[in-house]
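Nothing in this text is a laboratory measurement; each read-out follows from the coordinates by a stated rule. Because the structure is a prediction, the values reported are computed rather than measured. Counting neighbours? That spans all protein chains shown, and the Cβs are built from the backbone with ideal geometry, glycine included.
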Amino acid sequence: MPNPDNARRSLIEGLKLGPGILEDFVSGIPEGQLHRKRGKGFWSLYEHTEHLALTQLMLHKRLERFVKEEHPEFVPYFPDKEGEKKEKEIKAVADILSMYRRWRDKQVQLIEGGGAALWKKTATHPEYEQYSFKILVRHILLHDSFHLYRMEELWLARDEYLTEM
């Protein structure tokens with residue numbers, strides 16, 4: 001049987017690595033290439049980076065609700081409808097990466113402060129059959145991975161091998 005402490009530590013370590021991985025990836029791309037669109041409906045590398053930063057506040061608020069509420073009830077997050085696009089004041093990639101790192105550090109601090117009972121706490125979310133603190137933490141890590149993979153593909157894949165989303 002898997003050890004829950006090991007699973008928690010692994011997820012937390014993965015979250016801690018996120019900012020460094022994103023910063024290293026983005027730093028290797030010329031500024032002009034960050035805004036390149038590979039086709040209709042494709043995000044640019046900049047847009048993926050910005051999205052990762054802008055979603056961190058929402059994710060942090062969800063983590064806080066698990067701490068404060070007995071059984072939180074969440075609504076789906078749709079960035080275009082939730083004002084993510086309104087926060088376009090942040091233009092410099094360095095500022096976006098800094099924002100991502102700041103919120104991730106706050107998330108990790110909150111997560112590390114929670115005991116085993118918090119990790120078992122459940123919530124209601126209309127998109128998912130199950131939702132818990134542990135699932136949310138894992139979801140944050142997988143969300144990062146999804147966008148990082150997509151960014152890698154948009155940066156490196158030849159047109160004929162680029163997948164649509």
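Before rounding to the nearest 500, sum -39500 (n - 2.57) across all DSSP H runs of length at least 4 in the chain and divide by the residue total; then give [θ] at 222 nm in deg cm²/dmol. It would help to have the intermediate numbers written out before the result.
Numbers: 6 runs with 102 residues, N = 165.
Theoretical 222 nm ellipticity from helices: -20500 deg cm²/dmol.
Within 10 Å of each candidate Cβ there may be at most 13 other Cβ atoms; applying that plus a DSSP loop requirement, which GluC sites (Glu not before Pro) in the stretch 118-164 survive?
The qualifying sites are Glu127, Glu129, Glu164.
Could you pull out the trypsin sites (Lys or Arg not before Pro) across the stretch 1-57 that fall in loop regions by DSSP (anything but H, G, I, E, B) with no more than 14 other Cβ atoms inside 10 Å? Could the numbers behind the result be given before it?
Working: sites: Arg8, Arg9, Lys16, Arg36, Lys37, Arg38, Lys40; in loops: Arg36, Lys37, Arg38, Lys40.
Answer in residue order: Arg36, Lys37, Lys40.
From the C-alpha coordinates alone, can you work out the Kirkwood hydrodynamic radius of the stretch 4-161, in Å?
Working: mean 1/r = 0.0598 Å⁻¹.
It works out to 16.7 Å.
Would you kindly state how much longer the chain becomes between Glu127 and Ile29 on full extension, computed as 0.36 nm times their sequence separation minus their alpha carbon distance, in nm to one decimal? Let's see the in-between values first.
On the way: separation 98, 0.36 × 98 = 35.28 nm, distance 3.49 nm.
Taking Glu127 through Ile29 to full extension adds about 31.8 nm, to one decimal.
Under a Cβ-Cβ cut-off of 12 Å, what is the net charge of the residues other than Glu153 that fall near it, where Lys and Arg count +1 and Asp and Glu count -1? Show your work: numbers first, answer last.
Working: positive: Arg38, Arg150, Arg158; negative: Glu152, Asp159, Glu164.
Taking every other residue near Glu153 into account, the sum is 0.
Pick out, from Gly41, Leu136, Ile111, the residue whose Cα sits farthest towards the positive end of the charge dipole of the chain, with +1 on the Cβ of Lys and Arg and -1 on the Cβ of Asp and Glu.
Among Gly41, Leu136, Ile111, the one farthest towards the positive end of the dipole of the chain is Ile111.
Within the stretch 102-134, which residues have the backbone N less than 16 Å from the label spot 7 Å out from Ile21 along Cα→beta-carbon, could you tell me?
Zone members listed by number: 104-105, 108.
Between their Cα atoms, which of Lys37/Lys134; Lys16/Lys134; Lys40/Lys61; Lys16/Lys121; Lys37/Lys91 are more than 25 Å away from each other? Let's see the in-between values first.
Details: Lys37/Lys134 35 Å; Lys16/Lys134 16 Å; Lys40/Lys61 33 Å; Lys16/Lys121 22 Å; Lys37/Lys91 17 Å.
Result: Lys37/Lys134; Lys40/Lys61 exceed 25 Å.
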